[in-house]
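The values are calculated or read from the model by the stated rules, or taken from the named source; none is laboratory data. From a predicted model like this one, the values you see are computed outputs, not experimental measurements. Note that we place each Cβ from the backbone using ideal geometry, even for glycine, and neighbour counts take in every protein chain shown. Side chains included, ligands, DNA and RNA excluded: accessible areas come from the protein's heavy atoms. Shrake-Rupley method; radii C 1.70, N 1.55, O 1.52, S 1.80 Å.
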Amino acid sequence: QVQLVESGGGLVQAGGSLRLSCAASERTFSYYAMGWFRQAPGKEREFVAAIRMSGGSTYYADSVKGRFTISVNNAKNTVYLQMNSLKPEDTAVYFCGLGSSLFDYDYWGQGTQVTVSS
């Protein structure tokens with residue numbers, strides 16, 4: 001029922017920045033959390049960051065902590081992922097999700113490609 005659309009991916013050099021956006025088709029504040037995951041070729045989907053809709057608490061994978069920032073604009077039904085100091089190992093398709101908990105996501109976007117060159 002809920003549709004999520006990611007945007008903002010692209011090709012950047014190592015050390016550069018990108019800002020990903022994920023727009024939802026309905027109000028997001030009634031859900032527990034929104035999150036970002038990524039999947040590289042031949043790899044499993046990996047947790048990146050999440051934000052609670054109530055209170056705004058944020059959670060990050062150790063690999064991105066200090067470099068990435070997740071935020072949400074409930075009025076726009078949109079979650080963002082600001083990615084700084086990008087590394088080649090950040091290269092992946094990034095997906096946003098809308099979930100009933102920090103660990104259980106019910107809806108997913110189509111993904112947006114992020115490629116970081118060395």
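Some values worked out for this structure:
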quantity	calculated
Residue match in region 41-58 (condition: assigned to a loop (DSSP other than H, G, I, E, B), at pLDDT below 95 and under 16 Å from Ser17 (Cα atoms))	no
Total residues in region 70-86, condition open to solvent by 10 Å² or more (accessible area, probe 1.4 Å) and either in a helix (DSSP H, G or I) or over 12 Å from Leu18 (Cβ atoms) (or both)	8
Counted residues, region 87-102 - those being in a loop (DSSP other than H, G, I, E, B), open to solvent by less than 40 Å² (accessible area, probe 1.4 Å) and among the small types (Gly, Ala, Ser)	1
Residue that is farthest from the chain's Cα centre (by Cα) [pool: residues in region 103-118 that are touching a residue at least 24 places away in the same chain (Cβ under 8 Å), in a loop (DSSP other than H, G, I, E, B) and more than 15 Å from Glu26 (Cβ to Cβ)]	Ser118
Residue check, Val64 open to solvent by less than 60 Å² (accessible area, probe 1.4 Å), within 14 Å of Tyr31 (Cα to Cα) and not polar (S, T, N, Q)	no
